[in-house]
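Participant: I have a structure here, written as structure tokens, and I will follow up with some questions on it.
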Amino acid sequence: MNELKHLAGRLRDAGDLPALLGAAYSAFEAILLAIRGREDPATGMFAALVMSAASAAEGRDTIIRAPSLPITSPGRATLVRRAGEPEPGIRDLAAGLAQLAGLLAEKLAAAGQRAALGADRDACVQAAQCALDIRALLGGAGDD
Amino acid sequence: MTDRPVFGDFVQAAAGQLDATERRPGGLTRAADVEDTSRNLLRLVTAMSRCMATTISAAGDRAWREATAKPDPWTRARAETRDALDNAARFLRQRRFPSKGADTEPVTADGPTLPVARRLSAAASSLQAGRDLLQTHYVVKPGGLRENRSHWAPAITSDAVTAGMLIELSALAHRAAAQAAGTATAPSERGTREARRNLNTACQWLCVYVRAVRTAQREAPVSGLARTLLRELPLNVMPQRWVPVGGESVAELCGGVIDTAERGRRLARDFVTEAVWSPAMNITSLGRVAGAATITSHNCELVLTSLADSPLAGRFRQQLLGAAAAAVCSRESWLGVARSLDDVTTDTRGYLSPSAAEINDLALWTGRLAFTDSDWTPAAGPRHPVRPASSLVQSMDDMRTVVSAVHYTCDALAGLARASRDQIRQASRATRFLVPTRSLPETMEVPHPFSPAPQDRLGQLTDGYGDAAIASSRTARHVGITAEAIGAPSHMLTLAREATRGSGRVPLREQTSAKSEADLVVRGPLESVLRGLEVVDETLLRQAALLDAEGTRLVIRAAESTDASRAAPAFGMVDPIRSTAPVINYVFASAEPSELSALRPPELCTDREAEAGC
């Protein structure tokens with residue numbers, strides 16, 4: 001969960017488009033990695049997690065196609081759960097991922113409006129849609 | 001299960017026409033009536049030939065042409081029945097006023113006037129429509145080669161269905177011969193002798209057809225299931241797309257599941273050839289398909305488990321639980337595919353292929369069947385209880401409906417996995433799969449965001465789809481066992497698969513049912529008269545049968561001696577009268593192949609020779 005907070009911080013702190021794209025890439029990859037291995041049919045979140053993973057992979061691929069994404073932006077190294085950090089319950093995890101996806105959608109949509117290059121604009125808009133899908137899928141995690 | 005017409009509808013209609021009886025109009029049979037009857041019998045014979053051709057594959061055709069000295073009974077029956085129909089058609093074409101299109105077109109806008117001719121005409125039209133239905137499962141390429149267009153197509157050309165077709169047609173041939181021989185042997189106007197003789201000889205060839213099938217059936221019985229499968233072959237049309245709107249009944253949900261599964265399977269199959277170039281062949285579609293198939297497998301598991309909880313499950317409970325366990329394996333295989341896709345991408349993205357849209361719908365339909373929430377979507381929160389058995393099924397009919405829906409779904413998922421694997425193979429030949437360079441080891445310095453996907457990753461991917469296909473097929477097989485045990489309509493899927501796999505060995509599992517065998521019994525004229533008088537005394541019936549057999553031997557001996565002293569074949573020249581035609585027909589329906597030479601048509605003019613004044 002700390003990792004998710006860290007990624008949310010990176011998104012908020014991104015000062016320019018390349019930084020935001022780098023943070024978005026990391027966020028999508030983190031969502032994907034967080035879900036993989038946790039798709040447990042017994043939790044009642046199975047379908048939502050499976051489809052969220054597809055959307056996360058889709059969002060990540062979209063960001064990679066943005067021309068302004070730095071080729072050297074942080075990759076896998078920052079995406080591993082830190083040692084010693086307790087594994088969250090699936091509902092908490094889903095709620096956390098939904099929150100991160102919401103922030104991601106908001107930041108990407110705003111960046112899409114400001115981007116100078118058409119390809120950057122398209123990537124931001126489409127990735128924002130992927131993030132919105134994830135939020136919609138996982139947003140019900142806290143519902144009773 | 002679906003509203004689509006099936007082949008059996010048309011065969012049944014044809015048989016119904018030929019079973020009808022009307023009083024023959026009084027007076028002498030006119031030449032035009034004989035002409036009408038011959039023309040419409042020819043239409044029926046032509047439709048029968050076409051039906052046979054539809055069920056015989058190029059490989060099967062080659063097998064009987066190249067058959068060695070002792071072909072198997074059904075290979076021999078194919079050859080003999082084809083020969084019989086050819087000969088019947090040749091006699092029927094020897095009419096006074098043959099015209100273009102006479103083999104297929106009704107005689108006039110008003111149709112024939114004689115009841116027998118009307119019945120033959122209606123039967124021919126029904127059978128031709130049935131043949132057209134079978135033909136929808138194929139597309140004929142410019143070179144004349146047939147290409148399968150549905151998953152039923154391989155079953156249609158299987159040995160079992162081919163044998164089923166011969167049996168089905170022999171029942172029609174028997175009825176048609178009985179009807180048309182009546183016209184040939186009725187008191188007639190002068191000048192109709194040759195036409196009646198040709199008509200009667202054609203009827204005798206239809207009896208030869210019946211005999212050939214009966215012999216094969218006796219030597220290598222084909223299960224009644226082969227006929228059942230043939231009759232249940234549906235019209236190959238794309239079902240209409242349904243999207244659940246909420247509040248559907250279980251029966252409506254099952255209908256939506258079946259139609260959507262069928263659409264998804266079909267679209268995926270059709271898309272294989274487009275995978276090389278289509279922008280819709282992309283990581284977005286593949287990811288959605290894998291995710292939706294994972295969820296659909298999970299939903300199937302939940303439905304099967306609920307069904308097992310039903311008091312109606314009874315002795316099928318264990319089978320249902322076995323199928324649910326298989327669905328778990330299927331779910332895990334599809335999940336493995338979804339994970340493999342995380343590591344690759346494609347040259348295009350963002351478009352959703354038609355089959356991906358359908359499989360998304362299928363996840364929704366099955367989800368609404370599995371959960372109580374009638375508005376269920378994957379985004380539903382964790383609190384969505386599974387539909388209890390009492391809400392799912394209240395009768396065995398409900399059980400059959402739901403099991404069929406799950407069966408169709410699992411079968412479609414297996415087809416989808418195979419089609420997806422083929423799509424990937426096609427696309428990878430065009431180097432359409434890429435990997436983000438970020439996912440490559442850091443030692444590989446690539447100054448671009450993407451590079452072509454390494455072969456090992458593509459290999460993993462196709463292996464994953466192969467596993468999913470195996471697991472989904474296994475689930476479908478498990479569900480199929482239950483479907484068959486409870487008589488669910490979807491058990492046709494299992495029959496079709498068994499028939500396809502059995503190509504090369506004819507019989508499906510069971511022996512012929514007594515009913516289907518009885519359909520083929522050809523009784524002698526004396527026995528028929530006694531039965532017509534409603535005589536039930538077994539001794540009398542047996543005596544009549546013995547006399548019929550003795551009569552047969554007498555006719556054969558007479559034919560042999562006559563044949564030896566004549567240039568022209570014997571029976572083709574017999575002038576049929578009311579008393580001799582049934583005897584002759586019976587002889588040929590019960591005689592050995594060696595006697596058939598007596599029925600060979602005379603050397604008929606070819607069209608070219610006829611034009612030259614032959």
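What follows is calculated from the coordinates using simple rules that are stated; it is not laboratory data. Owing to the predicted nature of the structure, the values given are computational and were not obtained by experimental measurement. A quick note on method: Cβ atoms are made from the backbone with ideal geometry, for glycine too, and the neighbour counts reach across all protein chains shown.
Participant: Run the quick spin-label model on B:Arg457 and B:Arg30: label points 7 Å from Cα toward the beta carbon, then report their separation in nm to one decimal.
Facilitator: Placing both labels 7 Å along Cα→Cβ, they lie 8.1 nm apart.
Participant: Now a separate question. Could you calculate the FRET efficiency of B:Ala53 with B:Thr273 from 1/(1 + (r/R0)^6), where r is the beta carbon distance between them and R0 is 22 Å, rounded to 0.05? Walk me through the intermediate numbers first.
Facilitator: Numbers: r = 26 Å, r/R0 = 1.19.
Result of the calculation: an efficiency of 0.25.
Participant: Right, next: Please give, to one decimal in nm, the separation of the simple spin-label points placed at B:Ala379 and B:Arg315, each 7 Å out from Cα toward the Cβ.
Facilitator: Distance between the two pseudo-spin positions: 4.9 nm.
Participant: Within 10 Å of each candidate Cβ there may be at most 16 other Cβ atoms; applying that plus a DSSP loop requirement, which GluC sites (Glu not before Pro) in the stretch B:118-224 survive? Write down the numbers at each step before the final one.
Facilitator: Values: sites: B:Glu147, B:Glu168, B:Glu189, B:Glu194, B:Glu219; in loops: B:Glu189.
Passing sites in the stretch B:118-224 are B:Glu189.
Participant: Still on this structure: Once label points are set 7 Å from the Cα along Cα→Cβ at both A:Ala116 and B:Val243, what is their separation, rounded to one decimal in nm?
Facilitator: Simple spin-label model gives 4.0 nm for this pair.
Participant: Decide, for the stretch A:2-142, between rounded, prolate and oblate: order the square roots of the alpha carbon gyration tensor eigenvalues as a ≥ b ≥ c, take rounded if a/c falls under 1.5, and otherwise choose prolate if a/b is larger than b/c, else oblate.
Facilitator: Values: a/c = 2.05, a/b = 1.56, b/c = 1.32.
The shape class here is prolate.
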